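Notes follow once the structure below has been shown.
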Amino acid sequence: MSGNGFGHLFRFTTFGESHGPAIGCVVDGVPSRIALAEPDIQVWLDRRKPGQNRFTTQRQEADSVRILSGVFEGRTTGTPIGLLIDNTDQRSKDYGEIKDTFRPGHADWVYQQKYGIRDYRGGGRSSARETAMRVAAGAVARKVLEALAPGLAIRGAMVALGSHPVDRDRWDWAMVETNPFWCPDAAAAATWEETLDGVRKAGSSIGGVVEVVASGVPVGLGAPVYDKLDADLAKAMMSINAVKGVEIGAGFEAARLSGEDNADEMRIGDDGKARFLSNRAGGILGGISTGQDIVVRLAVKPTSSILTPRHSIDIHGNEVEVSTKGRHDPCVAIRAVPVAEAMMACALADHLLRFRAQSGGF
């Protein structure tokens, strides 16, 4: 199996399975002499870890990270940074009843067809458990960004639960950290709580939309044609479990706009610098950052593991019904917020280092 890493100059490779002894990653390309310690990573992992409220899986993992290499006396050495998290709350027996069946909506069947073998315990390598290491790598990327692009900030929020979107007129970033949904709209969060309680009690699941915004991004990140910043961001977000769609800026709405409405007109500001009158491009033109906020949204499908029996087949070619027991997120989009933030950080750190290598600075 290839394809376990992301990035070019800033690159990370993850390893491990959902019910294996541990998960980990190797982060390469980090400049030397950047301050880094385990608490710098743990603070972001704590935002993603399971079991923090009734709306996420009740698997109890501390997600305590250990730095194995690449850091000496509190600073990066420029060598590969090894990170490891022990799995401590696996319940493989929860999957014993479905080891011979393929769960609808999961990667079970295609893994079996491609590799001739699969780890049925929680999905193995295809489990969202892997995303903990993306968050760890993203924490390292944030330290790179902090050192090389002070003032750059990355924030994520959930902007829709099923058919219930937030009201953007009530958007308040301060609200995001005060509710279990990372929701910027207090009224929407209250509605979502009632909705998701019903979904959870019914043993079902629901999807959602996540939005990630990067502010203070320097002009010039990204390259034309095949190394466009938006292309790499789309890949970064689409690689996250359960993501089925990505849009940047106006996204699909741009197809319904006129050329006049879609154009981000420009003027000269009081400081003598160019300024944009709108940001339908989402902070990227021609694959290169404009200096405006980079805005990315991702659509996350409903969790495939549900109690409601669904038609499927087993490894013997029999038609069966599958009901997936165990501990699962009724809405996986909730815990996708810190993961999407991390992937944004990794993509920007990679492009920032590539820009610096080619142009020498900003």
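Computed from the coordinates by the stated procedures, all read-outs in this text should not be read as laboratory data. Please read these numbers as outputs of a predicted model, since none were measured by experiment. Using ideal geometry, Cβ is built from the backbone for each residue, glycine included, and neighbour counts are taken over all protein chains shown.
In angstroms, what radius of gyration and Dmax does the chain have, counting Cα atoms only?
21.1, 72
How long is the range 126-188 along each principal axis, judged by its Cα atoms, biggest number first, in Å?
36, 35, 17
Exposed loop sites here are GluC sites (Glu not before Pro) in DSSP loop states with at most 13 other C-beta atoms within 10 Å. What is the longest stretch of the chain lacking them?
After excluding every exposed loop site, the longest remaining stretch is 74-264.
What is the angle, in °, between the Cα long axis of helix 333-359 and the longest principal axis of the Cα atoms in the chain? Nearest 10 is fine, range 0 to 90.
Once rounded, the angle reads 40 degrees.
Could you give the angle, 0 to 90 degrees to the nearest 10, between helix 131-148's Cα long axis and the longest principal axis of the Cα atoms of the chain?
10 degrees
With a 10 Å cut-off between alpha carbons and a GNM built on the chain, which of I315, I98, I288 moves the most?
I315
Between A147 and S215, what is 0.36 nm times their sequence separation minus the Cα-Cα distance? Round to one decimal in nm.
Using 0.36 nm per residue and subtracting the Cα-Cα distance, I get 22.9 nm.
Can you list the residues, at least 5 places off or on another chain, whose amide H is less than 5 Å from the amide H of D329, using H built in the peptide plane?
It is T57, by chain and number.
Return one number: the angle in degrees, 0 to 90 and rounded to the nearest 10, between the long axis of the Cα atoms of helix 186-201 and the longest principal axis of the Cα atoms of the chain.
Helix 186-201 and the main axis of the chain meet at about 20 degrees.
Classify the range 94-144 as rounded, prolate or oblate, taking a ≥ b ≥ c as the square roots of the eigenvalues of its Cα gyration tensor: rounded when a/c is under 1.5, otherwise prolate if a/b is larger than b/c and oblate if not. Please report the intermediate quantities before stating the final value.
Numbers: a/c = 3.70, a/b = 2.50, b/c = 1.48.
Cα axes put the range 94-144 in the prolate bin.
Rounded if a/c is under 1.5, else prolate if a/b beats b/c, else oblate: with a ≥ b ≥ c from the C-alpha gyration tensor eigenvalues square-rooted, which is the range 276-362?
Prolate is the answer for the range 276-362, as a/c is 1.5 or above and a/b outweighs b/c.
Tell me, what is the percent relative contact order of the chain, built from C-alpha pairs under 8 Å that lie six or more residues apart?
Normalised by residue count, the contact order of the chain is 22 percent.
Pick from G78, G283, G259 the residue whose mean-square fluctuation is largest in a GNM of the chain, springs joining Cα atoms under 10 Å.
The residue that fluctuates most here is G259.
Pick from S278, S258, S205 the residue whose mean-square fluctuation is largest in a GNM of the chain, springs joining Cα atoms under 10 Å.
Per the Cα network of the chain with a 10 Å cutoff, S258 tops the list.
Which of the aspartates and glutamates could be linked to K273 by a straight reach, that is with a Cα gap under 19 Å, when you skip same-chain ones fewer than 8 residues away?
Once the sequence-local aspartates and glutamates are set aside, what remains near K273 is D264, E265, D293.
5 Å is the cut-off here: which amide hydrogens, built 1.01 Å from N in the peptide plane, fall below it relative to F12, excluding neighbours closer than 5 in sequence?
Sorted by chain and number, the residues that satisfy this are F6, D28.
Between D261 and D46, what length in nm is gained on full extension when 0.36 nm per residue of separation is reduced by their alpha carbon distance?
73.2 nm
Greater than 20 Å separation of Cα atoms is the criterion. Which listed pairs, K49/K99; K235/K301; K99/K201, meet it?
Checking Cα-Cα distances, K49/K99; K99/K201 exceed 20 Å.
Rounded to the nearest 20 debye, what is the charge dipole size of the range 249-362 about its Cα centre when +1 sits on each Lys and Arg Cβ and -1 on each Asp and Glu Cβ?
Rounded to the nearest 20 debye, it is 280 debye.
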